[in-house]
Amino acid sequence: MAERPARQRMPERYQLVCVCFLAAASCYLDRVGFPLAYTSMASKVGVSKETQGAVHSAFYNGYTVSQARARPVTAQPVRCLRGRSRPP
């Protein structure tokens with residue numbers, strides 16, 4: 001029986017890119033799916049339109065604030081994405 005070559009690990013920077021992609025995809029799915037699911041469930045339970053509007057605006061305002069707070073963090077280059085640690 002021929003021996004199989006050792007399986008190589010994906011480089012750390014590519015792993016980080018994949019994780020970031022999955023996190024971004026999750027955010028977009030959440031941003032699109034929440035209003036649809038909440039509106040459907042709230043109308044079945046009998047939540048008023050004013051309360052639905054307040055919940056939707058709180059969700060979007062929280063999303064906006066979290067994106068604005070993350071901007072300074074993402075503005076810095078990530079060391080492992082550059083491939084080597086060199087000064088900027």
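Bear in mind that the values in this text are calculations on the coordinates, not laboratory data. From a predicted model like this one, the values you see are computed outputs, not experimental measurements.
Scalar couplings 3J(HN,Hα) for region 65-74, obtained by applying the Karplus form with A = 6.51, B = -1.76, C = 1.60 to θ = phi - 60°, are 5, 5, 5, 5, 6, 7, 4, x, 5, 7 Hz; x denotes Gly and Pro. Length gained on full extension, Y63 to V32, computed as 0.36 nm times the residue gap minus the Cα-Cα distance: 10.0 nm. Here the Karplus curve 6.51 cos²θ - 1.76 cosθ + 1.60, taken at θ = phi - 60°, turns the phi angles of region 47-63 into couplings of 6, 5, 5, 5, 5, 4, x, 5, 5, 4, 5, 5, 5, 5, 5, x, 5 Hz, with x standing for Gly and Pro. On the principal axes of its alpha-carbon atoms, region 12-71 has extents of 49, 22, 10 Å, going from largest to smallest.
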